[in-house]
Amino acid sequence: MMKERRTLEWALALIDRQKLSEMNVQEFCRREQLNLATYYYWHQRLRKTPETNKILPVSIQKTDQTLVTGKGLFEITYPNGVRLSIPSGCEPGIIRQLVTIF
């Protein structure tokens, strides 16, 4: 049997599932058939990851909203509720600057 390669995305999803499960870590790992040491390894590794390198979930939703110019608009909603609306033709450098502000 080939060993599953685990990624930061996998670990983030795992930690989130454990928190949402309202189970303690031991119960959760037993249910997931995951070694407790593996869970804590990833938990510790993610704690050491600098904030700028953390991966955040992204969902893309198509809307019919358009600007007066007829160009599309996309919106980023941050976990703290802040919404950033950007015209689809916006320069990538400007988007990068706007995203790093929040």
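Here segment 8-53 is described by how far its Cα atoms reach on the three principal axes: 32, 20, 15 Å, from widest to narrowest. Protection proxy ranking of 33-41, 90-98, 12-20, by the mean of other Cβ atoms within 10 Å over each peptide's residues and highest first, is 12-20, 33-41, 90-98.
Computed from the coordinates by the stated procedures, all read-outs in this text should not be read as laboratory data. These figures come from a predicted structure and were not determined experimentally. Reconstructed Cβ throughout: ideal geometry from the backbone, glycine too, with neighbour counts over all protein chains shown.
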